[in-house]
C-alpha cells in the first residue's frame with residue numbers, strides 16, 4: 001500500500017501548520033487499521049476468558065527454534081518471550097509456524113501498538 005500524499009495538500013485545507021510527524025503517524029495508523037481483523041470470538045477460551053494456548057505448539061516451536069540466548073530447546077529463555085506473529089486475538093494460529101522469539105523489550109513495544 002503506498003500513500004502519495006503531499007504535506008502541502010493537507011495544509012491547503014488547514015490554516016495551521018501540521019508537523020510531518022503528525023501526518024506520518026496518522027497515515028501509519030490508517031494503514032495498520034486496514035489490516036487489523038476483528039477480535040476472535042470463535043477462539044477457544046480458558047476460565048479467565050483468555051484465548052487458550054497450546055502447550056504442544058509451544059513445545060514444537062522450541063524444538064525447532066532453540067532459545068537465542070542459551071541455544072537450548074527446553075527450559076526458560078532469559079530475556080525472550082515467544083510471540084505470535086499474527087496475534088491470537090486477530091485470528092492468528094496457535095502453531096509453531098506463527099511463533100517467533102522476541103526480546104521482552106520488543107514485546108512490550110509491540111503490545112502497545114496492538
Close pairs (8 angstrom Cβ cut-off, 6 or more residues apart or separate chains): surrounded by fewer than 17 Cβ atoms within 10 Å (Cβ to Cβ) in segment 86-98, in a helix (DSSP H, G or I) and modelled with pLDDT of 90 or more anywhere: 86/98; 95/57; 95/60
Verdict on residue 108 being farther than 22 Å from residue 41 by Cα, without any contact (Cβ under 8 Å) to a residue 12 or more places away in the chain and assigned to a helix (DSSP H, G or I): yes
Residues (within 18 Å of residue 50 (Cα to Cα) and in contact with a helix residue (DSSP H, G or I) (Cβ under 8 Å, 6 or more places away or on another chain)) located in segment 60-92: 81, 82, 83, 84, 85, 86, 92
All positions within segment 48-72 that are part of a loop (DSSP other than H, G, I, E, B) and modelled with pLDDT of 95 or more: 65, 66, 67, 68, 69, 70, 71, 72
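The values are calculated or read from the model by the stated rules, or taken from the named source; none is laboratory data. Computed from a predicted model, the values in this text were never measured in an experiment. Here Cβ is always computed from backbone atoms with ideal geometry, including for glycine, and neighbour counts include all displayed protein chains.
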